[in-house]
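The structure appears below as structure tokens.
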Amino acid sequence: MFIPPGFDQGSIVTSLGRMVYYTNRPEFWQGGPGESGDRPNQPTLLFLHGFGGGSSAYEWSKVYPAFAPDYRILAPDLIGWGRSEHPERNYQIEDYLSTLTEFIQQTCPEPVVAIASSLTAAFTIRVAIAHPEFFKSLILTTPSGLSDFGENYSNSFFAQLVKTPFLDQLLYRTGIATETGIRGFLQSRQFANSDLIYPEIVQAYLQSALEPNGEYAALSFVRGDLCFDLSRDIPQLTTPTAFIWGRQSQFTGPELGKRLASLNPSAIREFIQLEMVGLTPQLEVPAVTIGLIRRLLLELIERSPESART
């Protein structure tokens, strides 16, 4: 699995097994003449990847190194993905809500800024509602429960298809966990411009997809077992939040995002739409994503009620 220079791999143990994460080495990023090599009390940025065939923390690896000199970086592979453990189970929403909560409790003694993608961003909203004390702010790319406003993704043809025993495993091995399947997924689901899908991206996703038992989390996602109606939860959010949305995001276009944001304008402070970008701007236009995150880090914290009181 690709790990950027200046980063190490760590792990914690959750109720569903070992969860791997990537974090910056202080001596690499802060070291130098006259430097101690360590800056205590650095704020933490938590980068959380979305779901899809072969997803992992690699999804944010072109973005999070830009923040390593000034922040403590945590970028986990969620349970069932990447190098984390892959229990043989039909994953449910609660599995990710609980393991995300456990990860933050074990690694983040102070409130963090969470930067999350797609369905995981929707899970992060639910964790923030349950534990607002965990977070300073949320920066979310294309957050969706994939069954928002009463839509039911699990009734779709493909979701029904992978509910068939044995056929689901066959589809994963022949249609998802292959170089052709990965590239096809990236082209149709994640990128607006397929010319930006270079070989390293395909290989990183493929390597994750081929991890032993990698099919369990992926098939739970494709079946719709992890989908929910985010519109029912968003009104309860109190954490300062921004949405970044690719105009060409498949199945979850910006109209959906604006509708979700309108449910809670006091918490969702900004909606940014990127033209000619798909589901994952962090991979398609990483430099633009870095610039937006830098701006939002300042604006969300400065405009938060906590900052106004200090």
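No lab work stands behind these numbers, since they all come straight from the coordinates. Small disclaimer: the values here were computed from a predicted structure and weren't measured. Using ideal geometry, Cβ is built from the backbone for each residue, glycine included, and neighbour counts are taken over all protein chains shown.
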- Can you give the Rg to Rh ratio for region 199-257, taking only C-alpha atoms and Rh from Kirkwood? 1.07
- Item | Descending Cα extents along the principal axes, region 42-84, whole Å | 32, 17, 14
- Note on the structure: What helix-only [θ] at 222 nm does the chain give? Using -39500 (n - 2.57) per DSSP H run of at least 4, over all residues, to the nearest 500, the answer is -9000 deg cm²/dmol
- Backbone HN-Hα couplings from phi across region 240-245 [Karplus 6.51/-1.76/1.60, Hz, Gly and Pro as x]: x, 9, 10, 10, 10, 9
- Nearest 20 debye, what's the magnitude of the dipole of the chain about its Cα centre given +1 on Lys and Arg Cβ and -1 on Asp and Glu Cβ? 380
- Task: For F51, enumerate residues with amide H under 5 Å from its amide H, sequence gap 5+ or separate chain, H modeled in the peptide plane.
- Result: L119, T120
- Message: Quick check for you: which residues of region 263-291 have the amide N under 14 Å from the point 7 Å beyond the Cα of F251 toward its beta carbon?
- Response: 279-280
- Item | Percentage relative contact order, the chain, counting C-alpha pairs under 8 Å, at least six apart | 20
- So who's got an amide H within less than 5 Å of the one on F191, skipping anything under 5 residues away but keeping other chains? H placed 1.01 Å off N, in plane. L279
- Note on the structure: For S147, other-chain or 5+-apart residues with amide H closer than 5 Å (H placed, Pro excluded) are F228, L230
- Note: region 45-163 at 10 °C, 1.306 mPa s; Kirkwood Rh on alpha carbon pairs; Stokes-Einstein D in µm²/s works out to 104
- Message: With both bridge residues required to lie in the chain, what share of the DSSP beta bridges run antiparallel, to the nearest 5%?
- Response: 30
- Message: Along the charge dipole of region 67-143, pointing to its positive end and built from +1/-1 on Cβ of Lys, Arg, Asp and Glu, which listed residue (V112, W81, P143) has its Cα farthest out?
- Response: P143
- Item | From the coordinates shown, mean projected area of the Cα convex hull in nm² corresponds to which of (1) 18.4; (2) 15.4; (3) 16.9 | (2)
- Check: C-alpha center region 267-299 vs C-alpha center region 64-83, spacing in Å is 17
- Query: Going out from 0 in 10 Å bins, what whole percent of all Cα-Cα distances in region 179-310 drops into each bin?
  - Reply: 11, 31, 35, 19, 4, 0
- Query: Along the three principal axes, how long is region 172-232 when you take its alpha carbons, biggest first, rounded to the nearest angstrom?
  - Reply: 38, 30, 16
- Hey, what do the phi angles of region 64-73 turn into as Karplus ³J(HN,Hα) couplings, whole Hz, using 6.51/-1.76/1.60 and θ = phi - 60°, x for Gly and Pro? 5, x, 5, 9, 5, x, 10, 9, 7, 9
